[in-house]
1. Tally up the residues in region 253-270 that are closer than 15 Å to K294 by Cβ, in a strand (DSSP E or B) and free of Cβ contacts under 8 Å to residues at least 60 places away in the same chain, please.
2. In this structure, does R326 turn out to be under 30 Å from T156 (Cα atoms), touching a residue at least 12 places away in the same chain (Cβ under 8 Å) and among the basic types (K, R)?
3. Taking region 126-138, which residues are under 22 Å from F167 (Cα atoms) and not basic (K, R)?
4. What pairs can you find where one residue is in region 137-148 and touching a residue at least 40 places away in the same chain (Cβ under 8 Å) and within 16 Å of V70 (Cα to Cα), the other is hydrophobic (A, V, I, L, M, F, W, C) and in a helix (DSSP H, G or I), and their Cβ atoms are less than 7 Å apart, with a gap of 6+ or different chains?
5. Residues of region 219-252 being among the charged types (D, E, K, R) and in contact (Cβ under 8 Å) with a residue 40 or more places away in the chain, which ones?
6. Taking the residues in region 199-214 that are touching a Gly at 6+ places or on another chain (Cβ under 7 Å) and assigned to a strand (DSSP E or B) as candidates, determine which candidate is nearest to T270 (Cα to Cα).
7. If G110 satisfies every condition in (1) closer than 27 Å to A186 by Cβ; (2) more than 16 Å from the chain's Cα centre (by Cα); (3) surrounded by 15 or more Cβ atoms within 10 Å (Cβ to Cβ) but one, which is the exception?
8. Of all residues in region 208-231, which are among the β-branched types (V, I, T) and surrounded by 22 or more Cβ atoms within 10 Å (Cβ to Cβ)?
Amino acid sequence: MAPSVRRRGLALGALALAGALTLSACGFSESGGSAGGSSESGSGSGAAKTHTVKTVMGDVEVPVAPRRVVALDTGELDSALSLGVQPVGATHSATEDGFPTYLPAEKTKGVKAVGEIANPNLETVASLKPDLILTSKVRDGDRYEQLSAIAPTVMTESTGSAWKQNFQLHAQALGKENEAKKVVAAYDAHVAEVTKALGGKEKAAATEVNFVRFVEGADIRIYGKQNYIGSILADLGLGRPAITDKAKDGFSYDVSPEKIDLADADVIFTSTYGSPEKAGTTKTMNSGLWKGLKASKAGKVFEVDDRLWIAGIGYTAADQILDELRTDLTK
């Protein structure tokens, strides 16, 4: 980063934190921290209260109750809103201008777009004077220094299958750990309710479910078990076809349209990232191979919203997915 840009980022970060934090010239302090991962600092009636959050990038001092949060991925945005916190800014996907439509419009109406996921506009982020930035190393690890100069930045290691652990870190950073317990308890109760509606654990396990994602510019992905949607299917105890065990790193087994028969299952959910024509969705689903699938013949193929089922990566999204699973699997 050029010195002039860095000085501007530091100045904006300092303004954002004035009166709220007693921090270093970089916008926050990093240290070995407490082994417990959280502690309050500050002394005197006028001292700002902060606590230490242990992250993949080290220990970060954040405000006990952040008021101006910027979320740089859909999972972070979902976490904040699930915990009753409306960010001042957030990123959006490269294929969309707005935020995911599964999120209540009244909750995202006042959130300013700060660029695309994994490519945020740092000047826009700084202009919002945040006191906390939430993101992940996989998205913004190479921008950690710049982001930290703007505000305390809490990063998780990755996204996707680790969404539940990430949520707990987000809750700690936001000072919403009690609220997080309620969110998790409600989700667990919802899972139990849907499992019962599916006929119980034994019947759920006997139903093999696949998730197929069509991606513009890439092969067709048969999703494995180590990802966001895979974890939700596992929570319900649903069966998964043997092909899912061949998924690379547990994430996905990629195939060409000529091998789409490998995706066969009792039930198939599909989504598309990008244009259905460019992603091959239309051509593949009109092919003889697709129409010959067991799920296709039985009318058990369900097209779903990619931004909800794949990109939601949070508890608000998961609750809506559970409702859709109950509706479709009980038809």
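The values are calculated or read from the model by the stated rules, or taken from the named source; none is laboratory data. Computed from a predicted structure; not experimentally measured. A quick note on method: Cβ atoms are made from the backbone with ideal geometry, for glycine too, and the neighbour counts reach across all protein chains shown.
1. Applying the first criterion (closer than 15 Å to K294 by Cβ) to region 253-270 yields 260-270.
Subset that is in a strand (DSSP E or B): 267-270.
Subset that is free of Cβ contacts under 8 Å to residues at least 60 places away in the same chain: 268, 270.
Of the residues in that region, 2 qualify.
2. Values: under 30 Å from T156 (Cα atoms): no; touching a residue at least 12 places away in the same chain (Cβ under 8 Å): yes; among the basic types (K, R): yes.
So R326 fails the test.
3. Looking only at region 126-138, we keep the residues that are under 22 Å from F167 (Cα atoms), and these are 130-138.
P130, D131, L132, I133, L134, T135, S136, V138, listed by residue number.
4. D140/L147; Q146/L122
5. Matches in region 219-252: D235 only.
6. F214
7. Tallying (1) closer than 27 Å to A186 by Cβ; (2) more than 16 Å from the chain's Cα centre (by Cα); (3) surrounded by 15 or more Cβ atoms within 10 Å (Cβ to Cβ), G110 fails exactly one: (3).
8. If the condition is that a residue be among the β-branched types (V, I, T) and surrounded by 22 or more Cβ atoms within 10 Å (Cβ to Cβ), then V209, V212, I220, I222, I229 are the ones that fit.
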